[in-house]
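Here's the structure, in C-alpha cells; my notes come after.
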Amino acid sequence: MFERYTDRARRVIFFARYDASALASSSIDTEHLLLGLLREGAGIAGKIFKRNKLTYEVVRGEIEARGRLQAPTSTSVDMPLSPEAKLVLQHASEEAERMDASHIDTEHLLLGLLRESECLAADILTSKGLHLDHDGTLRWAARAPRAPGRVIRLTSTAVAPASPPARRCACPRDIGIRP
C-alpha cells in the first residue's frame with residue numbers, strides 16, 4: 001500500500017501510529033496524521049510548519065483539549081486507518097498524480113488533509129490560518145493585524161476552476177524558502 005510513499009511520508013504514518021496509540025485511539029485518524037507530519041518536520045510540509053511556527057506541542061495540546069484522554073493503548077495492537085484517514089491518503093495520492101510526482105511526499109499528505117475539510121486535522125489547520133483557496137492555492141493567513149497573508153504556491157488542482165490550470169511545481173523557492 002505504501003510503495004509510492006517516500007521515506008519521509010512513511011515516517012509520518014509511523015509517527016501517526018505512535019501518536020494514535022499514545023492518545024488511546026482505536027484507529028489512526030487525521031489528527032494523528034497531522035501530528036505525524038509535525039513530528040517528521042522535514043520536506044515541504046515541515047518547512048511550511050516551521051516558517052509559520054506551528055509546532056507539534058501546540059497541535060497536540062489542541063487535540064487533547066478537544067477530546068477525552070484515556071490510558072494509552074499498546075503499540076503492539078494492530079491499529080487500522082480510520083475511514084477519514086484513508087480518504088486523506090487517497091487525496092494525497094491524487095495530488096501526487098496531479099503534480100506529476102512519481103512518489104507521495106509530505107506536501108501531498110498536507111494537501112490531502114486540507115482536502116478532507118470536515119476532519120479534525122483540517123479544522124485545526126484552518127483555525128491556525130492554513131487553508132486551500134477556491135483555486136487550490138495553499139495560503140497561510142497573517143497572524144499580525146497589519147501583516148499580509150503568505151501565499152504558498154503548493155497548488156491542489158482538485159479544487160481548481162473548470163478550465164485546467166497550468167501545473168505548478170511544489171519547489172522550496174515557491175514557498176519562500178531558499179534551497
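The values are calculated or read from the model by the stated rules, or taken from the named source; none is laboratory data. Keep in mind that this is a model prediction, so the values were computed, not measured. Here the Cβ is made from the backbone with ideal geometry for all residues, glycine too, and neighbour counts use every protein chain on show.
Quick notes on this one:
- One residue from GLU118, GLU84 being modelled with pLDDT of 95 or more and of a type in the set (D, E, K, R): GLU84
- Flag: LEU37 does not match the condition of being more than 18 Å from ALA92 (Cα to Cα), surrounded by 18 or more Cβ atoms within 10 Å (Cβ to Cβ) and in contact (Cβ under 8 Å) with a residue 12 or more places away in the chain.
- The number of residues in the range 1-21 being in a helix (DSSP H, G or I) and free of Cβ contacts under 8 Å to residues at least 12 places away in the same chain comes to 2.
- Of all residues in the range 22-57, those being within 23 Å of ASP105 (Cα to Cα), in a helix (DSSP H, G or I) and not aromatic (Phe, Trp, Tyr) number 20.
- Flag for ALA65 being surrounded by 24 or more Cβ atoms within 10 Å (Cβ to Cβ), assigned to a helix (DSSP H, G or I) and among the aliphatic types (A, V, I, L, M): no
- Scoring ARG66 on the criteria (1) over 22 Å from MET1 (Cβ atoms); (2) modelled with pLDDT under 80 leaves a single failure, condition (2).
- The number of residues in the range 117-137 being under 24 Å from ASP7 (Cβ atoms) and either touching a His at 6+ places or on another chain (Cβ under 8 Å) or surrounded by fewer than 21 Cβ atoms within 10 Å (Cβ to Cβ) (or both) comes to 1.
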